[in-house]
Structures are given as structure tokens and as C-alpha cells.
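For reference, the structure is listed below as C-alpha cells.
The values are calculated or read from the model by the stated rules, or taken from the named source; none is laboratory data. Since we're looking at a predicted model, the values are computed, not measured. Cβ: placed from backbone, ideal geometry, glycine included. Neighbour counts: every protein chain shown.
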Amino acid sequence: MIVPGERLVLGVDPGTRVTGYAVVRGADGGYDLVCAGVIQNDPSRPLPFRLKHIHDEISGLVTAYRPGEFAIETAFAGRNAQSALKLGQARGVSILAAQQHGLVIAEYAPREIKKAVTGNGNASKEQVRYMVTSLLSLEPKSIRLDASDAAAAALCHLHRNGARREHHRSWESFVTSHPERVKS
């Protein structure tokens with residue numbers, strides 16, 4: 001049941017081998033992780049089958065959890081053009097699934113997501129996971145890196161779009177104001 005003022009965001013960290021996902025609830029009191037995991041693909045399967053699997057799994061998550069919003073990393077230019085093209089295809093089928101279900105779609109650069117969660121746009125995946133687990137009151141290393149990246153995308157979206165009345169200029173100010181939300 002959705003409470004007034006509550007928002008559910010499906011965050012996705014796309015990949016053709018492993019796609020991370022997380023549904024995060026944002027409300028006036030803070031954030032909660034509803035679910036998180038990965039969509040695993042067999043790399044020996046042809047790409048069209050992997051893309052369909054990603055699409056079907058994202059659609060299933062939307063049907064099961066009924067988020068109203070969707071956050072995903074934008075594509076970035078890497079050294080390997082082939083990898084960048086495959087990543088773009090994984091992003092495309094993920095966005096298509098969200099669009100087919102009428103979700104509000106937001107895209108964020110990887111640096112923007114990292115900065116929103118850690119305060120550092122160059123943070124490592126491990127640093128992102130540490131902050132995600134701290135902010136969501138989870139055990140350290142309790143979720144896979146791909147899933148924590150997806151949760152970070154959802155948290156970035158909630159943070160950028162005012163999930164709570166109290167305004168914080170950075171995660172550092174949030175942590176300072178709410179030390180009880182951070183596990184050491």
C-alpha cells in the first residue's frame with residue numbers, strides 16, 4: 001500500500017550480462033529498500049535473447065512492485081565501442097519496459113549518481129555500495145555491486161526530486177543531520 005507522500009522508484013544499472021535493479025521507497029521520513037537484485041544473463045546466449053530477458057524481467061518488476069518512477073544511468077563513451085553499443089541496447093530495452101508501463105523516466109550520468117550518493121563523482125563501486133547500505137540501513141556488502149549501483153540511481157532520483165520536506169544540500173549534510181541512519 002502506498003502512503004501519501006511516498007514514492008517508489010525502480011533504479012536500473014544496465015548491462016547485457018548483469019543488470020542491477022532496486023526498488024527504493026522515498027517518503028518524508030527518508031528512504032527504504034523494497035527489493036534489490038540482479039538480472040543474470042548467460043553470455044553464450046545470442047544478444048537478442050539476453051535483451052528480451054532484461055525487458056521481461058524489468059516488466060515483471062514493474063508489475064510486481066508498481067513503482068511510479070524509473071531511474072537509469074546514461075550511456076557513457078568507453079574505450080570499447082562494441083561494449084558501449086551493447087550497453088546502449090540494454091538501456092534501451094530497460095527504458096522501453098518502463099515506458100510501456102507509463103513510468104516517469106529519468107536518466108542520470110554515472111558521475112552525477114556517484115556524487116549524489118557519496119559526494120564524490122569519481123567514487124568506486126565499493127564506495128557507492130558502502131553509502132547505499134549506510135543510507136538504507138543495510139548490512140555492509142549485503143547487496144551485489146550492480147544492485148547497489150541501481151539503488152544509487154534511485155536514491156539520486158529521489159534526492160534530486162525532493163523525496164522529503166527537509167532539504168539537504170549534500171549527502172554529507174544529510175548524514176550529519178541523521179547519524180542514526182548511518183551504520184558504522
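Hey, R164 hits all of (1) modelled with pLDDT of 95 or more; (2) touching an Asp or Glu at 6+ places or on another chain (Cβ under 6 Å) but one; which does it fall short on?
Failed condition: (1).
Among the listed residues L155, L135, identify the single one that is at negative phi and modelled with pLDDT under 95.
Testing whether each residue is at negative phi and modelled with pLDDT under 95 leaves just L135.
Mind telling me which of the residues G60, G37, G26 ends up being within 19 Å of the chain's Cα centre (by Cα), loosely packed, with under 13 Cβ neighbours inside 10 Å and not basic (K, R)?
G60
The conditions are (1) in a loop (DSSP other than H, G, I, E, B); (2) farther than 20 Å from H159 by Cβ, and P67 fails exactly one of them. Which is it?
(2)
Which residues, taken from region 79-101, are outside any helix (DSSP H, G or I) and within 20 Å of L51 (Cα to Cα)?
Correct list: N80, H101.
Going through G60, G92, G102 one at a time, which residue ends up being closer than 16 Å to R7 by Cβ, of a type outside the set (D, E) and modelled with pLDDT of 95 or more? Please lay out each step first, then the result.
On the way: G60 fails: closer than 16 Å to R7 by Cβ; G92 fails: closer than 16 Å to R7 by Cβ.
Unique residue meeting the criteria: G102.
I'd like the full set of residues that are loosely packed, with under 15 Cβ neighbours inside 10 Å and either within 18 Å of the chain's Cα centre (by Cα) or at positive phi (or both), limited to region 68-87.
Of everything in region 68-87, those that are loosely packed, with under 15 Cβ neighbours inside 10 Å and either within 18 Å of the chain's Cα centre (by Cα) or at positive phi (or both) turn out to be T74, F76.
Going by what's in this entry, would D28 be described as modelled with pLDDT under 95, in contact with a Gly (Cβ under 6 Å, 6 or more places away or on another chain) and either within 18 Å of V128 (Cβ to Cβ) or not β-branched (V, I, T) (or both)?
Judged against the criteria, D28 is a match.
Please enumerate the residues belonging to region 91-102 that are closer than 22 Å to A27 by Cβ and either out of contact with any strand residue (DSSP E or B) (no Cβ under 6 Å at 6 or more places or on another chain) or surrounded by fewer than 21 Cβ atoms within 10 Å (Cβ to Cβ) (or both).
H101, G102
Please pick out the residue among A84, A97, A152 that is without any contact (Cβ under 8 Å) to a residue 40 or more places away in the chain and either closer than 18 Å to N41 by Cα or not hydroxyl-bearing (S, T, Y) (or both).
A84
Filter region 104-135 down to residues that are assigned to a loop (DSSP other than H, G, I, E, B) and either out of contact with any helix residue (DSSP H, G or I) (no Cβ under 7 Å at 6 or more places or on another chain) or without any contact (Cβ under 8 Å) to a residue 24 or more places away in the chain (or both) and give me whichever is surrounded by the most Cβ atoms within 10 Å (Cβ to Cβ).
Out of the qualifying residues, it is A123.
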